[in-house]
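Everything on this sheet refers to the single structure shown next.
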């Protein structure tokens, strides 16, 4: 089925909103992190540890203040032997040259946002959660807004997965 130009208007509205949100997201990343490379490196470090945090929360029977719990978790990670990532692993996963990864890691360590555990694996500090605060809030609000627009425009029903735009 071929779409007419008028039938693509809801999709074009959606794309416009998504692009505008991504422009805002990019400016937040540059402001909070200085560069996309720094954001990518920081994100890889965070994701490696968040997997363990999620498992710990799922297995814990008690309820805690989330901010306190997460900061306490990060502080404990410096004594863990198997949590974290190496510079080589970050370079391989991100495609960013190892020298750039090393320079950015040194910068983040100097800011006390990350450090190395007893096995010299790179892990976030308790300050890492604060570093992501603005971005995390923006991301949640943005995705919620885009979802609401997606639903309002009824894009799921208007276009099948095979539609070519």
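The values are calculated or read from the model by the stated rules, or taken from the named source; none is laboratory data. What you see is a predicted model, and the numbers here were worked out from it, not measured in a lab. All Cβ positions, glycine included, derive from the backbone under ideal geometry; neighbour counts span all protein chains shown.
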Filter region 51-65 for residues that are more than 22 Å from the chain's Cα centre (by Cα) and part of a helix (DSSP H, G or I) and give the result.
59
Return a yes/no flag: does region 105-128 have any residue that is within 30 Å of residue 14 (Cβ to Cβ) and surrounded by fewer than 17 Cβ atoms within 10 Å (Cβ to Cβ).
no
Are any residues in region 26-50 over 18 Å from residue 85 (Cβ atoms) and assigned to a helix (DSSP H, G or I), and if so, which ones?
26, 27, 28, 29, 30, 31, 32, 36
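Kindly evaluate residue 7 against the criterion of being at pLDDT 85 or above, farther than 14 Å from residue 136 by Cα and either part of a helix (DSSP H, G or I) or under 15 Å from the mean Cα position of the chain (by Cα) (or both).
no
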Among the helices (runs of 4 or more DSSP H) confined wholly to region 80-165, which include 2 or more residues that are at pLDDT below 90, more than 16 Å from residue 50 (Cα to Cα) and in contact with a helix residue (DSSP H, G or I) (Cβ under 9 Å, 6 or more places away or on another chain)?
133-153, 155-158
Selection over region 109-144 where residues are touching a strand residue (DSSP E or B) at 6+ places or on another chain (Cβ under 6 Å) and within 30 Å of residue 18 (Cβ to Cβ) yields a count of 1
List the pairs whose first member sits in region 38-64 and is at positive phi, whose second member is in a loop (DSSP other than H, G, I, E, B), and whose Cβ atoms are under 9 Å apart, counting only residues at least 6 apart or on separate chains?
none
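Does residue 149 fit the bill of being in contact (Cβ under 8 Å) with a residue 60 or more places away in the chain and over 28 Å from residue 16 (Cβ atoms)?
The answer is no for residue 149.
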